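A short worksheet on the structure shown next.
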Amino acid sequence: MDLKYGNSRKYISISIPSKPETMPPHIKSVDELRVLGINLSRFNKTLQFFICVAGVFIFYLIYGYLQELIFSLEGFKPFGWYLTLVQFGFYSLFGLVELQLIQDKRRRIPGKTYMLIALLTVGTMGLSNTSLGYLNYPTQVIFKCCKLLPVMIGGVFIQGKRYNVTDVSAALCMSLGLIWFTLADSKVAPNFNVTGVILISLALCADAAIGNVQEKAMKLHNGSNSEMVLYSYSIGFIYILVGLALTGGITPAIAFCSLLQQEEKQ
């Protein structure tokens, strides 16, 4: 549009978008929050936060109790990777079921990214499960709580994040608490083992990377949670299955579980 005033011209630029921006089909609303298929959007933000926190604590306690119960079985110590294989199988199944319940079933994140995420997931869960053969569960939990430090470091290198003094101070305080717990546990816990510490430390390194890689991939490609669960755990399942097949770890684990079931029936 031109407006003429004497010898001068003023131009007004009006831009009209050729295509309206639409929200991906798997995201129904920016403000919508669903947990286990339950819509929590009708609650205020504070109540949503406490519901999610309570859910994390409840499910994590149940998970930890069952995990330690499994490793308390006599003779199960060598089969940590088999337990990880079973977990990955169920996680893949749950991800597949959830993916069928949403409108958009397309894979948005590249396969190469999923292969990397699956490898990191295998590392963090496999090493973590194996470490329970050497550490008691409270020791492992405290180590996992300290993953804030490697996550922050990974965030700086992978996503270019920056942290303030408060964040760094909180992470350091948590680390000091971990050191105190470790020193105390080394005297009172009979199953504290250096091998277990190395395994859980390696698991934390992989855990720090996976969180940042997942976050970056989901933001970049706008992927859904169900897609992430399905592809990362199903590819990880294949990794573990091939590894156990090559090392001959499947047959002894199945035989042990079968023998255990027979003993329970008697």
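The values are calculated or read from the model by the stated rules, or taken from the named source; none is laboratory data. Nothing here was measured: the structure is a model prediction, and the numbers come from that model. Quick reminder, even Gly has a Cβ in these numbers, built from the backbone with ideal geometry, and neighbours come from all protein chains shown. Areas reflect the complete protein model, heavy atoms only, side chains present, ligands, DNA and RNA absent. Shrake-Rupley method; radii C 1.70, N 1.55, O 1.52, S 1.80 Å.
Working only within region 95-106, note down all residues that are at pLDDT 85 or above and either open to solvent by less than 40 Å² (accessible area, probe 1.4 Å) or part of a loop (DSSP other than H, G, I, E, B) (or both).
Gly95
Report yes if Arg162 is in contact with an Asp or Glu (Cβ under 7 Å, 6 or more places away or on another chain) and either outside any helix (DSSP H, G or I) or over 22 Å from Gly211 (Cα atoms) (or both), otherwise no.
So Arg162 fails the test.
Among Gly177, Gly80, Gly154, Gly89, which is the only one that is small (Gly, Ala, Ser), in a helix (DSSP H, G or I), open to solvent by less than 80 Å² (accessible area, probe 1.4 Å) and closer than 26 Å to Lys216 by Cβ?
Result of the check over Gly177, Gly80, Gly154, Gly89: Gly154.
Under 6 Å between Cβ atoms, at least 6 apart or on separate chains: pull out the pairs that start in region 61-72 with a residue that is part of a helix (DSSP H, G or I) and end on any residue that is surrounded by 12 or more Cβ atoms within 10 Å (Cβ to Cβ).
Gly64/Tyr137; Glu68/Tyr137; Phe71/Leu132
Can you tell me which residues in region 139-151 are part of a helix (DSSP H, G or I), closer than 14 Å to Val197 by Cβ and not aromatic (Phe, Trp, Tyr)?
Listed by number, the residues that qualify are Thr139, Gln140, Val141, Ile142, Lys144.
Specify which of the listed residues (Phe143, Phe88, Phe71) is within 15 Å of the chain's Cα centre (by Cα) and over 14 Å from Ile210 (Cα atoms).
Matching residue, one of Phe143, Phe88, Phe71: Phe88.
Looking only at region 227-248, decide whether some residue is in a helix (DSSP H, G or I), more than 20 Å from Val86 (Cα to Cα) and open to solvent by 10 Å² or more (accessible area, probe 1.4 Å).
Checked region 227-248: no residue is in a helix (DSSP H, G or I), more than 20 Å from Val86 (Cα to Cα) and open to solvent by 10 Å² or more (accessible area, probe 1.4 Å).
Please identify the pairs in which a residue from region 139-166 that is more than 30 Å from Tyr65 (Cβ to Cβ) has its Cβ atom under 7 Å from the Cβ atom of a residue that is open to solvent by 50 Å² or more (accessible area, probe 1.4 Å) and basic (Lys, Arg), counting only partners at least 6 apart or on another chain.
Gly155/Lys161; Ile158/Lys216; Gln159/Lys216
If a residue has to be part of a helix (DSSP H, G or I) and either open to solvent by 50 Å² or more (accessible area, probe 1.4 Å) or basic (Lys, Arg) (or both) to count, how many in region 193-213 make the cut?
Residues meeting the conditions: 5.
Look at region 202-214 and say how many of its residues are at pLDDT 85 or above and out of contact with any Ser or Thr (no Cβ under 9 Å at 6 or more places or on another chain).
Residues in region 202-214 being at pLDDT 85 or above and out of contact with any Ser or Thr (no Cβ under 9 Å at 6 or more places or on another chain): 1 in total.
For region 249-266, which positions are surrounded by 10 or more Cβ atoms within 10 Å (Cβ to Cβ) and outside any helix (DSSP H, G or I)?
Passing the criteria: only Gly249.
Sort out which residues of region 227-243 are within 23 Å of Val151 (Cβ to Cβ) and under 14 Å from the mean Cα position of the chain (by Cα), and write them in order of number.
Glu227, Met228, Val229, Tyr231, Ser232, Tyr233, Gly236 - these are the residues of region 227-243 that are within 23 Å of Val151 (Cβ to Cβ) and under 14 Å from the mean Cα position of the chain (by Cα).
Any residue at all in region 116-135 that's at pLDDT below 80 and either buried (at least 19 other Cβ atoms within 10 Å of the Cβ) or of a type in the set (Ser, Thr, Tyr) (or both)?
yes
Could you list, ordered by first residue, the pairs with Cβ atoms under 8 Å in which the first is in region 243-259 and farther than 17 Å from Phe88 by Cβ and the second is part of a helix (DSSP H, G or I) and at pLDDT below 90, at least 6 apart or interchain?
Every condition considered, the pairs that remain are Pro252/Pro78; Pro252/Phe79; Phe256/Phe79.
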